[in-house]
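The values are calculated or read from the model by the stated rules, or taken from the named source; none is laboratory data. Because the structure is a prediction, the values reported are computed rather than measured. Note: ideal-geometry Cβ built from the backbone for every residue, glycine included; neighbour counts use all protein chains shown. These accessible areas exclude ligands, DNA and RNA; they are computed on the full protein's heavy atoms, side chains included. Shrake-Rupley method; radii C 1.70, N 1.55, O 1.52, S 1.80 Å.
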Amino acid sequence: MEHSLRIAKSNDELADIFASVLVKHINETPDDRCFSWVLSGGATPKMIFEKIALCYKDLTDWNKVNIFWGDERCVGPEDSESNYKMARESLLDKVPVPSSNIFRIQGESFPADEAVRYADQFLKNVNTVNGFPRADLLMLGLGEDGHTASIFPSNIQLFSSNKLFETAEHPQTKQKRITATGKIINHAKMVVIIATGENKSTVVARIINKSNGCDLLPASCIRPEHGEVLWLLDQEAAKRL
Ligand code: 6PG
């Protein structure tokens with residue numbers, strides 16, 4: 001596993017770094033194959049999506065891109081909490097990705113059934129290596145508590161589930177979630193972990209420095225066997241490294 005770290009001077013530079021990595025990898029994908037991009041929710045990805053829509057829209061062939069989500073809140077697609085709604089408004093409605101290439105987690109469905117349905121969709125539409133779907137680029141955020149996707153410290157066992165997607169629950173709000181598990185995260189070709197703001201600096205340092213107790217944090221389980229991990233931080237989130 002290859003580990004790298006980029007520290008951006010601003011959110012705008014961070015968005016440019018992510019966008020450049022994404023476009024480079026899409027453009028390197030053979031024309032006879034799709035590129036699977038797994039999106040994350042949260043505020044940080046939103047500003048990245050907006051930058052891509054504004055400045056990178058014409059720099060790649062969106063017909064080659066299949067869009068998935070690493071997690072979703074169990075709400076409808078028009079709900080303000082929906083990761084799909086955020087991505088649709090900030091990116092997908094602004095770039096020419098075919099609607100048939102967008103694989104939405106149906107947050108309005110019964111969670112356990114949707115976790116099964118979506119896992120099947122993922123398996124059918126993502127390149128598979130050794131029996132596991134190998135996402136080309138998997139985008140992950142990081143919570144202050146060390147959660148990633150919707151795997152929280154209180155349900156860290158989901159990371160080692162033998163399923164591709166599981167149902168989860170936000171520890172405070174009890175909001176139901178659908179989340180990718182380690183079976184997807186640790187088989188990805190590239191994982192980009194994005195964190196900005198001083199409030200993430202402690203958890204970032206704990207995980208990257210492998211401080212004691214970090215193994216209780218879901219994000220510390222991110223170790224793609226044959227993949228690359230890029231930590232993409234701003235200076236605030238990196239200040240304790
Ligand atoms: C979600 C995300 C979640 C998010 C982190 C960081 O659905 O909310 O998957 O894991 O990435 O909470 O969010 P911010 O980038 O907003 O801090």
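Output the residues belonging to region 55-73 that are more than 8 Å from the ligand (Cβ to nearest atom) and out of contact with any Lys or Arg (no Cβ under 8 Å at 6 or more places or on another chain). Steps first, answer last, please.
In the first step, residues of region 55-73 are kept if they are more than 8 Å from the ligand (Cβ to nearest atom); the result is 55-69.
Across region 55-73, the qualifying residues are CYS55, TYR56, ASP58, LEU59, THR60, ASP61, TRP62, ASN63, VAL65, ASN66, ILE67, PHE68.
Being of a type in the set (D, E, K, R) and under 19 Å from GLN157 (Cα atoms) is the filter here, so list the residues in region 211-241 that pass it.
Within region 211-241, ASP215, ARG223, GLU225 meet the criteria.
Within region 95-143, track down each residue that is open to solvent by 40 Å² or more (accessible area, probe 1.4 Å) and in contact with a Lys or Arg (Cβ under 6 Å, 6 or more places away or on another chain).
ASN127, ARG134
Can we say ILE48 is closer than 30 Å to LEU241 by Cβ, open to solvent by less than 40 Å² (accessible area, probe 1.4 Å) and either outside any helix (DSSP H, G or I) or of a type outside the set (Asp, Glu) (or both)?
yes
Taking the condition of being away from the ligand (no atom under 16 Å from the Cβ) and not in a loop (DSSP other than H, G, I, E, B), how many residues in region 129-146 meet it? Spell out how you get there, then give the answer.
Our first condition is that a residue be away from the ligand (no atom under 16 Å from the Cβ); within region 129-146, this holds for 129-134, 136.
Add one more test, that the residue is not in a loop (DSSP other than H, G, I, E, B), and what stays is 129, 132-133.
So the answer is 3.
Does ARG104 meet the test of being in contact with a helix residue (DSSP H, G or I) (Cβ under 7 Å, 6 or more places away or on another chain), at pLDDT 95 or above, among the basic types (Lys, Arg) and over 16 Å from ALA188 (Cβ atoms)?
yes
If I filter region 220-227 for residues that are of a type in the set (A, V, I, L, M), in a strand (DSSP E or B) and at negative phi, do I get at least one hit?
For region 220-227, residues of a type in the set (A, V, I, L, M), in a strand (DSSP E or B) and at negative phi: absent.
Quick one: would you say ASN66 is over 28 Å from ALA237 (Cβ atoms) and surrounded by 20 or more Cβ atoms within 10 Å (Cβ to Cβ)?
On the way: over 28 Å from ALA237 (Cβ atoms): yes; surrounded by 20 or more Cβ atoms within 10 Å (Cβ to Cβ): yes.
Answer is yes for this residue.
How many residues, within region 107-128, are outside any helix (DSSP H, G or I) and without any contact (Cβ under 8 Å) to a residue 60 or more places away in the chain?
Within region 107-128, the subset outside any helix (DSSP H, G or I) is 107-110, 126-128.
Next, only the ones that are without any contact (Cβ under 8 Å) to a residue 60 or more places away in the chain stay: 108-110, 128.
Residues that pass the stated criteria total 4.
Of the numbered conditions (1) of a type in the set (Val, Ile, Thr); (2) in a loop (DSSP other than H, G, I, E, B); (3) surrounded by 15 or more Cβ atoms within 10 Å (Cβ to Cβ), THR179 satisfies every one except a single condition; which is it?
(2)
Out of ALA15, ALA19, ALA43, I need the residue that is under 18 Å from the mean Cα position of the chain (by Cα), closer than 28 Å to GLU198 by Cβ, more than 16 Å from the ligand (Cβ to nearest atom) and of a type in the set (Gly, Ala, Ser). Which one? Before the answer, list the steps.
Working: ALA15 fails: more than 16 Å from the ligand (Cβ to nearest atom); ALA43 fails: more than 16 Å from the ligand (Cβ to nearest atom).
Just a single option satisfies the conditions, and that option is ALA19.
Residues of region 193-207 being open to solvent by less than 50 Å² (accessible area, probe 1.4 Å) and assigned to a helix (DSSP H, G or I), which ones?
Across region 193-207, the qualifying residues are LYS200, SER201, VAL203, VAL204, ALA205, ILE207.
Starting from residues that are out of contact with any Lys or Arg (no Cβ under 9 Å at 6 or more places or on another chain) and of a type in the set (Val, Ile, Thr), keep the ones in region 152-183 and report whichever is nearest to the ligand (Cβ to nearest atom).
Here the answer is THR179.
Can you tell me which residues in region 73-94 are open to solvent by 20 Å² or more (accessible area, probe 1.4 Å), under 17 Å from VAL38 (Cβ atoms) and touching a helix residue (DSSP H, G or I) at 6+ places or on another chain (Cβ under 8 Å)?
Correct list: ARG73, MET86.
Which condition number does LEU230 fail, the rest of (1) more than 16 Å from the ligand (Cβ to nearest atom); (2) touching a residue at least 60 places away in the same chain (Cβ under 8 Å) being met?
Result: LEU230 passes all but (1).
Within the set of pairs 6 or more residues apart or between chains, which connect a residue that is farther than 20 Å from ALA15 by Cα inside region 187-207 to a residue that is open to solvent by 20 Å² or more (accessible area, probe 1.4 Å) and within 12 Å of the ligand (Cβ to nearest atom) with Cβ atoms less than 6 Å apart?
Qualifying pairs under 6 Å: VAL203/GLU144.
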